[in-house]
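One structure coming up, written as structure tokens, with questions to follow.
The values are calculated or read from the model by the stated rules, or taken from the named source; none is laboratory data. All values derive from a computational prediction rather than experimental measurement. Here the Cβ is made from the backbone with ideal geometry for all residues, glycine too, and neighbour counts use every protein chain on show.
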Amino acid sequence: MLDALQHIDTVLFYFINHNLQNGFFDYCMPVLTDYVKQKAVLGFAIALVLWMLIRGKPNVRLAAILLILTILVSDQLNSFVIKNLFARLRPCHVLPGVHLLVGCGSGYSFPSSHAVNNFAGAMVLAFCIPRWRWAFFGFAALIAFSRVYVGVHYPFDVLGGAAVGLCCAGFVIALYLISEKIVAVIRQKKYSKT
């Protein structure tokens, strides 16, 4: 069963990494896949989160707080626990003829941390700002696709990463909703005594 899944994953990888090759993607996907490594983008992201916390409407402030908590959980869990459990090597380390457009990286492949963090972020943002959910999930899917296109992840790596990210975000959102109910019950008891 695992051999069959690995075969399917490899076939899909080569389809995306080779058959979909074109000059436009070859230019855009490396930039997109490593957007967080670009200092200007990182500075903008930090400034945006600070703005969300300081000047945003209540749902935007909540999004910033939950986003920070979720990314902390998802990134640490994936990078230091899940990846080490599976210890899957990246396709650029084991497959011949990979169309590699960025550095291969030394970390393990499954699940993709880019997919984990972007889908976790998309879920949190969609929860707090639902009218833009299509944009949040579309961006996360584009990042996940770029990881396969540039040659550093298998398709199942990004699908697994999406699942882990959604679960991490769901966990943080559930904790928030439970805490909201607890606070509401405490307030109700406080006001009923007065």
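Could you tell me which residue of the stretch 170-194 is surrounded by the most Cβ atoms within 10 Å (Cβ to Cβ), considering only residues that are part of a helix (DSSP H, G or I) and β-branched (Val, Ile, Thr)?
The initial filter retains those residues of the stretch 170-194 that are part of a helix (DSSP H, G or I), namely 170-193.
If we keep only those that are β-branched (Val, Ile, Thr) too, we end up with 172-173, 178, 182-183, 185-186.
Numbers: Val172: 24, Ile173: 18, Ile178: 10, Ile182: 10, Val183: 10, Val185: 10, Ile186: 10.
Among residues in the stretch 170-194 that are part of a helix (DSSP H, G or I) and β-branched (Val, Ile, Thr), the one surrounded by the most Cβ atoms within 10 Å (Cβ to Cβ) is Val172.
Further question: With the checklist (1) buried (at least 23 other Cβ atoms within 10 Å of the Cβ); (2) over 20 Å from Leu32 (Cα atoms); (3) more than 12 Å from the chain's Cα centre (by Cα) in hand, flag the one item Leu77 doesn't pass.
(1)
Which residues, counting only those in the stretch 163-179, are over 22 Å from Phe136 (Cβ atoms) and not aliphatic (A, V, I, L, M)? Walk me through how you get there before you give the answer.
From the stretch 163-179, those over 22 Å from Phe136 (Cβ atoms) are 178-179; that's our starting set.
Across the stretch 163-179, the qualifying residue is only Ser179.
Let me ask something else about it. Give the residue that is surrounded by the most Cβ atoms within 10 Å (Cβ to Cβ), with candidates limited to residues of the stretch 135-158 that are free of Cβ contacts under 8 Å to residues at least 40 places away in the same chain and among the hydrophobic types (A, V, I, L, M, F, W, C). Break it down into steps so the answer makes sense when it comes.
Our first condition is that a residue be free of Cβ contacts under 8 Å to residues at least 40 places away in the same chain; within the stretch 135-158, this holds for 135-141, 144.
With the extra rule that they be among the hydrophobic types (A, V, I, L, M, F, W, C), the set shrinks to 135-137, 139-141, 144.
Values: Ala135: 13, Phe136: 21, Phe137: 18, Phe139: 18, Ala140: 27, Ala141: 16, Ala144: 25.
In this case the residue turns out to be Ala140.
Something else about it: Which ones in the stretch 5-25 are over 14 Å from Tyr154 (Cα atoms) and more than 22 Å from the chain's Cα centre (by Cα)? Even if it seems obvious, please write down each step before you answer.
Of the stretch 5-25, the ones over 14 Å from Tyr154 (Cα atoms) are 19-25.
Asn19, Leu20, Gln21, Asn22, Gly23, Phe24 - these are the residues of the stretch 5-25 that are over 14 Å from Tyr154 (Cα atoms) and more than 22 Å from the chain's Cα centre (by Cα).
So Leu85 passes all but one of these: (1) surrounded by 12 or more Cβ atoms within 10 Å (Cβ to Cβ); (2) at pLDDT 90 or above; (3) among the aliphatic types (A, V, I, L, M); (4) under 22 Å from Leu166 (Cα atoms). Which condition number does it fail?
(1)
Could you grab me the full set of residues in the stretch 151-169 that are out of contact with any Phe, Trp or Tyr (no Cβ under 9 Å at 6 or more places or on another chain) and not in a helix (DSSP H, G or I)?
Within the stretch 151-169, Val152 is the sole residue that qualifies.
Being under 19 Å from Ala140 (Cα atoms) and of a type in the set (Asp, Glu) narrows it down to one of Asp34, Asp3, Asp9, so name that one.
Working: Asp3 fails: under 19 Å from Ala140 (Cα atoms); Asp9 fails: under 19 Å from Ala140 (Cα atoms).
Among Asp34, Asp3, Asp9, only Asp34 is under 19 Å from Ala140 (Cα atoms) and of a type in the set (Asp, Glu).
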